[in-house]
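Data block below; observations after.
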Amino acid sequence: MIAPEKKPRVTSFAPQFLVDDLARSIAYYEKLGFAFGEPWNGFYAIGQLDGLELHLKEAPKYDPERQHRREHEHLDAAAGVDGIEAFYARCMANGAQIIKPLTATAWGTKDFYIGGSARALPDSASSL
């Protein structure tokens, strides 16, 4: 008997941020609540938060491109957050750099932008 073909299913999807300084970036993302294992060969680390992963790779970006992306709100990632007010408060309390404060959007969500010394323009958090 031939087994029925199993439909493939994506079980995880993690962004990989290029960062200038891995140790400093790990410390920054720990402020957001991520927990990291030991870095691999000193240039790669995986953080986890609420069952999600974030990959950090030490590989400096080109500064003019980084500035252009920041000026035009070209985000590296966006995160959906249940309880965005509490998450925003935690980010503020832990010293995360808030680029754009928590505000209501025209499409019925709330969002805020974070960035900072990690030198990886990380994300926009939003909630329905």
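Throughout, read-outs are computed from the coordinates displayed, never taken from laboratory work. Since the structure is predicted, the reported quantities are computational estimates derived from the model, not experimental observations.
Given axes a ≥ b ≥ c from the Cα gyration tensor, I'd like to know whether the stretch 16-127 is rounded (a/c under 1.5), prolate (a/b larger than b/c) or oblate.
Here the stretch 16-127 falls in the oblate category.
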Task: Computed over the chain: relative contact order in percent, which uses C-alpha pairs under 8 Å that are six or more apart - done: 26 percent
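For the stretch 16-127, give me the percentage of DSSP beta bridges that are antiparallel, rounded to the nearest 5 percent.
Details: 19 of 27 bridges.
In the stretch 16-127, DSSP labels about 70 percent of beta bridges as antiparallel.
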